[in-house]
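Reviewing the structure listed below.
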Amino acid sequence: MEFTEAYKQTGSYAFSPNARFLAVAVDYRLVIRDVLSLKVVQLFSCLDKITYIEWAPDSEYILCGLYKKPMIQAWSLTQPEWTCKIDEGPAGVAYARWSPDSRHILTTSEFQLRLTVWSLVNTACIHVQWPKHGAKGVSFTKDGKFAAVCTRRDCKDYVNLLSCHTWEIMGVFAVDTLDLADVQWSPDDSAIVIWDSPLEYKVLIYSPDGRCLAKYQAYESGLGVKSVSWSPCSQFLAVGSYDQMLRVLNHLTWKVFAEFVHPSAVRGPCCAAIFKEVDEKLDMSELSLGDDFVQYSNDNASEAHIQVRYNVLEIPINLPSQKPPADKPNPKQGISLMSWSSDSQYICTRNDSMPTVLWIWDINHLELAAILIQKDPIRAAAWDPTCPRLVLCTGSSHLYMWTPSGAYCINVPLPQFVVMDLKWNSDGSCLFLKDKESFCCAAAEILQESSDYSSDD
């Protein structure tokens, strides 16, 4: 991989949907860079520190959430002199998002009093009363024609279907939830999934006209659903639960066809490759080095003489795990991190009671493909949008990569740079790596597929 130099950032960042630009917040300044050269192409000054950034789907406009103020500012790349400021007054702004047509901004007020649709064309605004959530509870169809907005009134949850053309309410239906957690349209726009809060295990599938197509409940007692994700092909719905299991439903019968457990001990028969991150000391005694390099090596012995690599382990094996305390809320247990590969063949998961272990499942063969055991808790994992290649980070100075041909440890060649978060560009040409107060970008070459597992740094 090739890495750029480090640049300053103070929080939020976002690639433009057309993959050409990178927006980064630096305190109250919004810096727009060209993805290929990372040169600054636009610089906008906001009225307060930027806490959130989101590009419009057409990549022409960008909004900044100044939630401490609280207000929203929007900017245009093609018309730098154009400005927009949205202030809800005493109601405040808890969250903001773009509409699919890139000409409307949806804001949710504090305490979920109302959701407002602001037009950038004629400055008109439309209100939807009592939205269920701030940052969640709103989902758009992929074709951009409709929005599903969750609301709550009279102690009952509802879904409002809005036209994204006129913003009229096309229909309202009540949903069978105690405390609705979130909503998602399927990628093919044929179904809507809704799930309940962790206190009630309930996953509901609705048609766009409000008919309940299926209701799924894996168990009754205990904490329930922790994460839900559609596969990109819309054929599978993955549900991660607090009971440390991943269940996958099919789109024809809405029945579970695969259940993947995350045990602390892996026994045979098992075809999965198990990789463990280890430190390897380099033997420097046989190298002929100059005095200057020897002095540098002595000063930096802890870094210079150690490289990180993967060892391939044999089963049976016990995985590092921790038992959450029974007397504290929100236990660190269950499947919270869950992500599909772009071809829907693989899905990766992390069980929060084993934070250093990443599981990769092969949906085509309904089996475990690989286990990655890291030294530190896994902070983020992201699939390449163009191929089945997974990159993850653990807050160390290394990147970790998995493909069907093997797993790799990659050193980030920047001093004191630790990878806290990462994100792919939409075309897979660039990988954003975030440190606490800086960032860099990396370009990954197309890997040659091989049957041999490699662990070179």
Point to revise | Pair-distance profile P(r), taking every C-alpha pair of the stretch 68-172, with 10 angstrom steps and integer % | key: 14, 48, 31, 6, 1
Review point. About the Cα centre of the chain, what is the dipole size in debye to 20, counting +1 per Lys and Arg Cβ and -1 per Asp and Glu Cβ, all else neutral?
Key: 1620 debye
Point to revise | Sparse-neighbourhood loop sites, GluC sites (Glu not before Pro) in the stretch 175-267 - DSSP loop, at most 11 other Cβ within 10 angstrom | key: E220
Study note, to complete from the structure: Output for the stretch 1-106: trypsin sites (Lys or Arg not before Pro) sitting in coil per DSSP, at most 12 other Cβ within 10 Å, listed by number, reads K39, K68
Check your understanding: Taking all pairs of different Cα atoms in the chain, averaging 1/r and flipping that mean, what Kirkwood radius in angstroms comes out?
Key -> 24.2 Å
Point to revise | Cut-off under 5 Å, modelled amide H: who pairs with R379 long-range | key: C393, T394, G395
Exercise for review: Report the calculated FRET efficiency for T123 and K281 (r = Cβ-Cβ distance, R0 = 56 Å), to the nearest 0.05.
Suggested key: 0.30
Review point. Are there chymotrypsin sites (Phe, Trp or Tyr not before Pro) in the stretch 139-226 that DSSP marks as loop and that have at most 15 other Cβ atoms within 10 Å, and which are they?
Key: Y219
**Study point:** Dipole of the chain [Lys/Arg +1, Asp/Glu -1 at C-beta], most positive-end residue of A191, I126, C430
**Key:** I126
Exercise for review: Compute the Rg to Rh ratio over the stretch 123-242 from the alpha carbon atoms, using the Kirkwood formula for Rh, and round to two decimal places.
Suggested key: 0.96
**Study point:** Accessible area (Å², per residue) of the stretch 202-250, counting only protein heavy atoms and a probe of 1.4 Å
**Key:** 36 Å²
**Study point:** Amide H contacts under 5 Å for D182, placed H, 5+ residues apart
**Key:** W195
Check your understanding: So how many Lys-Lys pairs in the stretch 1-90 land under 19 Å Cα to Cα, not counting same-chain pairs under 8 apart?
Key -> 7
Study note, to complete from the structure: D (µm²/s, integer) via Stokes-Einstein for the stretch 9-61, Kirkwood Rh across alpha-carbon pairs, 37 °C, 0.692 mPa s: value 298 µm²/s
Study note, to complete from the structure: Placing +1 on each Lys and Arg Cβ and -1 on each Asp and Glu Cβ in the chain, then taking the dipole about the Cα centre, the residue among P80, V278, V225 whose Cα reaches farthest towards the positive end is V225
**Study point:** Karplus (6.51, -1.76, 1.60) ³J(HN,Hα), θ = phi - 60°, over the stretch 69-78, in Hz, Gly and Pro reported as x
**Key:** 6, x, 6, 10, 10, 10, 9, 10, 6, 7
Check your understanding: How large is the charge dipole for the stretch 332-457, taken about the Cα centre, if only the Cβ atoms of Lys, Arg (+1) and Asp, Glu (-1) carry charge, to the nearest 20 debye?
Key -> 500 debye
Practice item. For the pairs K226/K436; K202/K255; K132/K202; K136/K423, note any where the Cα-Cα span goes beyond 25 Å. Key: K226/K436
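The values are calculated or read from the model by the stated rules, or taken from the named source; none is laboratory data. Here the structure is a predicted model, which means the values were calculated and not measured. Don't worry about glycine lacking a Cβ; one is built from the backbone with ideal geometry, like all the others, and counts go over all protein chains shown. For the accessible areas, the whole protein counts, side chains as well, though only heavy atoms, and no ligand, DNA or RNA atoms are used. Shrake-Rupley method; radii C 1.70, N 1.55, O 1.52, S 1.80 Å.
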